[in-house]
1. Could you look through segment 1-12, keep only residues that are open to solvent by 80 Å² or more (accessible area, probe 1.4 Å) and in a loop (DSSP other than H, G, I, E, B), and pick out the one that is modelled with the lowest pLDDT?
2. Mind listing just one residue for me: the one in segment 13-23 that is of a type in the set (A, V, I, L, M, F, W, C) and under 60 Å from the mean Cα position of the chain (by Cα) and, of those, surrounded by the fewest Cβ atoms within 10 Å (Cβ to Cβ)?
3. Is it the case, given these coordinates, that Glu143 is assigned to a loop (DSSP other than H, G, I, E, B), among the charged types (D, E, K, R), open to solvent by 100 Å² or more (accessible area, probe 1.4 Å) and modelled with pLDDT under 85?
Amino acid sequence: PVLCSSGLAADCASLPVPTAVESCYDVVGCAWSLGDWSSCSTTCGAGVRSRAVTCPSGWPADCASFEVEPASSESCRGRGCDWRLGEWSECSNDCGDGSKARTVRCSSGEDTDCVEAKPSNETRLGPNETPTPGGPAQRHGREGRPWSGATKGPARLGSCGGGV
């Protein structure tokens, strides 16, 4: 409080009362305030995430005089991508065991964005087999149709691959 030097307010009544509070401005305690990062802007592949970066004084220059302003956005990767499977190639051998191949790519172009296990891009086949999606090879007869079950009559030795 502001008091008259005599201790009596009446002695100073004709004088202007000095202010009890004086305004000031300091930046010594200014530090950046950081918000939480947002979600990535995409669920698959390259994206961006952001956050609020503010100086409590309302003037970015007050905080920037002590430290560089932190980034308010940055790149991120969405990891919810799917595998894209190409068609199986022809068998590498027209008589006996062989293999078939296909392209397997993550939909973003970056395999690390696909979280599921990468499907095989090659399969080894015995005679008259074709790969089935997500499963074992399926046996086929000479005409290329799947076997429908056991055949009647005596087993016959095939002319290719040594199978029955």
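The values are calculated or read from the model by the stated rules, or taken from the named source; none is laboratory data. Please read these numbers as outputs of a predicted model, since none were measured by experiment. Here the Cβ positions follow ideal geometry from the backbone for every residue, glycine too, while neighbour counts run over all protein chains shown. Calculation scope for accessible area: heavy atoms of the full protein, side chains included, ligands and nucleic acids excluded. Shrake-Rupley method; radii C 1.70, N 1.55, O 1.52, S 1.80 Å.
1. Checking each candidate, the answer is Pro1.
2. If we take residues in segment 13-23 being of a type in the set (A, V, I, L, M, F, W, C) and under 60 Å from the mean Cα position of the chain (by Cα), then Val21 is surrounded by the fewest Cβ atoms within 10 Å (Cβ to Cβ).
3. Answer is yes for this residue.
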